1. A:L149 passes all but one of (1) more than 25 Å from B:G93 (Cα to Cα); (2) surrounded by fewer than 20 Cβ atoms within 10 Å (Cβ to Cβ); (3) free of Cβ contacts under 8 Å to residues at least 12 places away in the same chain; which number fails?
2. Residues A:Q142, A:Q166: which one is without any contact (Cβ under 8 Å) to a residue 12 or more places away in the chain and either in contact with a strand residue (DSSP E or B) (Cβ under 7 Å, 6 or more places away or on another chain) or not small (G, A, S) (or both)?
3. Quick check on this structure: which one of B:D640, B:D664, B:D646 is surrounded by fewer than 17 Cβ atoms within 10 Å (Cβ to Cβ) and under 21 Å from B:Y388 (Cα atoms)?
4. For B:F293, indicate whether it is farther than 19 Å from B:P741 by Cα, touching a residue at least 40 places away in the same chain (Cβ under 8 Å) and in a helix (DSSP H, G or I).
5. Got at least one residue in the stretch B:570-587 being surrounded by 17 or more Cβ atoms within 10 Å (Cβ to Cβ), touching a Cys at 6+ places or on another chain (Cβ under 9 Å) and more than 14 Å from chain A (Cβ to nearest Cβ)?
6. Could you please let me know if B:V216 is modelled with pLDDT of 95 or more, in contact with a Leu (Cβ under 6 Å, 6 or more places away or on another chain) and over 29 Å from B:F300 (Cβ atoms)?
7. Is it true that some residue in the stretch A:76-90 is closer than 23 Å to A:Q39 by Cα and at the interface with another protein chain (Cβ under 7 Å from one of its Cβ atoms)?
8. Which residues, counting only those in the stretch B:725-753, are within 14 Å of chain A (Cβ to nearest Cβ), assigned to a loop (DSSP other than H, G, I, E, B) and in contact (Cβ under 8 Å) with a residue 40 or more places away in the chain?
Amino acid sequence: MVTAVAAFCLFATLAIIEMSVAVSGALAAEVNLEDFDHQGNELYEAYDATPEIFLSADSGDRTLADYYSRRQYPGSPPIIPHPVDLTFSGNETDCLSCHAKGGYSAEFGKFTPVTPHPDNALCYQCHVQETTDELFVGSDWQSIDPPRLGRSALAGSPPMIPHVLQMRENCIACHSGPGAVAEIRVSHADRGNCRQCHVPAPQTAPIKEFHRQ
Amino acid sequence: MTKIKGKKEVTMKLDRRRFIQCAAASSAVATAGALFPGISFADWPKITGNSGMVSWQKAPCRFCGTGCGVLVGVADGRAVAVKGDPNCSVNKGLCCMKGYHSVQALYGADRLTKAKVRKNGQMVEVPIQEALDLVAEKLKETKDKHGKDSVAIYGSGQWTIPDGYVASKLFKGCLGTNNVEANARLCMASAVTGFITTFGIDEPMGCYEDIDNANVFITWGNNMAEMHPVLFSRMLANRKRRKDVTLIDFATRMTRTSQASDKSILFKPQTDLAVANAICHEIIANDWVNWEFVNQHVSFHKGKTNIGYGTEDHFAFTDKAEPIDFEAYKAFLEDYTPEKVERISGVSAKDIKYMAALYGDPSVKVTSFWCMGMNQHTRGTWINNLVYNIHLLVGKISMPGNGPFSLTGQPSACGTVREVGTLTHKLPHGVVMNEQARKHAAEIWQVPVTNIDPKPTYHTVEMFRALDRGDIKFIWIQVTNPMVTMPNLNRYRDGALKDDRFVVVSDVYPTPTTDVADVILPAAMWIEQEGMFGNSERRTQHFAQIVDPPGEAMSDTWQIIEVARRLGFEKQFPWSEKDYIEKIWEEYRLFHAGPKHEMAPYSVLAKRSGVQWPFVDGKETRWRFNPKYDPACTNGKDFDFYGKKDNRAWIWARPYEPAAESPDSEYPFWLNTGRIIEHWHTGSMTRRIPVLNNAVPTSYVELNPEDAADLGVVNGEKVKIISRRGEVIMPAQINGRGVPPRGMVFVPFFDESFLINEVTLDAFCPISKQPDYKKCAVRLEKA
């Protein structure tokens, strides 16, 4: 299944390459991997595994501001915002004992956010623990605006998914449960089949218009 | 032009620069306010007034030799985000922390954007064209006055393929000197000589798909969890999914790789040589030898012994191969019974037999991985040979999941240094000693064949010794940082600072190497130029120019072209800025024509996320020497080791010999150096990535907890590390992510504030000339 909207990212990428080097012949990858439909099962598995009471639970512990304060740009791997013991071994059960399924952490007095990709068990491959706030030298880095919330195509229609699905195929992980960010927590996670109504349409890519060939 | 040189002056320069860095850092912190932990994107200035759209373009990652495909998000002409490239088979859409934040390395506040030249001891900004005039003038003047071998170029495996190609063409083809070397000499030269001596042809036979097929992974002195995390997590994912996968960590200290492995086996430094021989002894003693394979595809040889360590100037060594028979090889192994080797290595005979049984079991597929632990070794060529011996005895090679796999640490160590041949003895195809290779190169380069000198000159360590002695007076350093990475650094820094030495440095940020420069040329970085890298699995990866370089920054390739033209070589460097990368690639490809090394055309590279060579009839070669996958096999058998004249892979009788400098009563500790996951190479890029710097802002020395207790040092207290060459004082880390055994300390080398290479020893493998950064003797004091 390749929807025109979801396929845009790949087309945009290839279009730029085509423009700059004028490639010819068939494209190397016929399958569109960008909408991550090939990993859509992750949502269903998470849905089956999550008790209904948990799906609807809410704590209000985390806000979108907290969420973005962990990241360098929308979609970057968040830092580890709490201390990790120096002897931290990278043993997969250490992080995933809390972050695989979530739940209340007495240590931090909060509900634990759930990772959307528990199959990637080498957590410190991407996530770092900060030990200082001093830079080595200054930086001229600039970021982009985060996706707007409630982006519906029509008044009252289900909002589109404003971010790419890569590493985040499992909607349940971030959008439901007591550890979810308050602003993006959904009220109806018990429906489960999220992409029945919500269409992936990254805010950073223009809506592609249909033209009859 | 005069300049004030000497060590004192350098110290002052460093101090002044550090002061500026500190000032910049504290003002950044003031801006960030109290938002600790971390500088988040919520606090960064936002690009304003753009469409809000982000476009994505493919590139290989800038950092290690894994060669992950990344998609760089661009908004308003700036790189703003990174995703893993799902079309790239290397990483299948997943990166590591360095890849995800790599684009931030473009935007450090102290990017070099203007050329600088030394005038009356001070570095003064000048237009880049004026600086290039000066470089050409000095190069010509030095060559005319002191001869062609008084000028040199030193690059790295971070050079793009076109960078290295034009450097070789200018220096070897046009100027006629073989003074071309690269940082990769310090990084994988032993891997090359290992391949050449065993197989007669360079680079791994396998590919990363081996990870999805092997049952047993043995990492030889290789902390893959931190150094090649994307490949390591692919092994972990396989272990989780397939349940029949075992990871064995064979190492000198406990690391994150040890923690994740099923079994960790520690050996004493340098004794990997003895253990590898003991494994072969066991394979033969238990008759696990694959006789069909050995009889058809293997021949036995021995070389010279007691080959020295190269610590003296003008050291020379040439190995001599003598054929031996299997019985002689078997007799050689009698010194390496598991029980005898247990006494040398500290590895129990039981563990040696266990590893031998894994290699020997015909029902399991075994992949061995290694990188710096085996390459940065005074017997680096030998230990590469010895691991090949194991795989060859049991015939586990050149098949999916079965193979020895030599990894690289730089993004184009293979592509630019090994394939283009930016080493003193090499040409893009063949070696300078070979007349046919010289003729071939002269023809493609359109230079008289007499231009190409048949005699190699200096390997890297000897090149910097020649600079110190004054045999070399002009050196151009591009994309690397030898004033952090050279072993026994004090000597080589003093050499570079001597009065009539002229040092040109092309780089993107100020480093200890730009501190010793007479000319600094601002370089375009990574995706600010078009280019190609070549990764560890023979994959060539093209990237278009995605963003503009800042100020007057210029690609290293174009800098060399500008200088070549000023020297009168317009004919050899005729390209236009519009399509020079394509033209250079198509010229370079001519060197590798034929099924053993055919490279993909530019049009294919431009559209795919990396293409493996040999690329024959539109198909990539995933496993070499195996006719099912490799079209260069012609002998009609099930394998064809076509690199050697006898069509066989060579098993070598290579003995255990001790390290160049071992601990004694005066200097009782081993010093081991290396990397950590957050920082790459000398940290000149990763330290400018806020999230990585903030995770590990300074280096440290790892101590065994009992040694720390004896010394009376607790975590964070200062320790003085002293060798016969130098000393450094740095904070202790005890029970951190790595734990050395008693009698060893480990120091990450990324931090220019703690130059651990002032302490290390410039001993090298006499065959590969690669220094050993993993072993020298030090003593410790509480500071």
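The values are calculated or read from the model by the stated rules, or taken from the named source; none is laboratory data. These numbers were taken from a predicted model, which means no experiment stands behind them. Every residue, glycine among them, receives a Cβ derived from its backbone with ideal geometry; neighbour counts consider all protein chains shown.
1. If we test A:L149 against (1) more than 25 Å from B:G93 (Cα to Cα); (2) surrounded by fewer than 20 Cβ atoms within 10 Å (Cβ to Cβ); (3) free of Cβ contacts under 8 Å to residues at least 12 places away in the same chain, just (3) comes out false.
2. A:Q142
3. Testing whether each residue is surrounded by fewer than 17 Cβ atoms within 10 Å (Cβ to Cβ) and under 21 Å from B:Y388 (Cα atoms) leaves just B:D646.
4. So B:F293 fits the description; yes.
5. Yes: one or more hits.
6. no
7. Scanning the stretch A:76-90 turns up at least one residue that is closer than 23 Å to A:Q39 by Cα and at the interface with another protein chain (Cβ under 7 Å from one of its Cβ atoms).
8. Across the stretch B:725-753, the qualifying residues are B:R737, B:G738, B:F750, B:D751, B:E752, B:S753.
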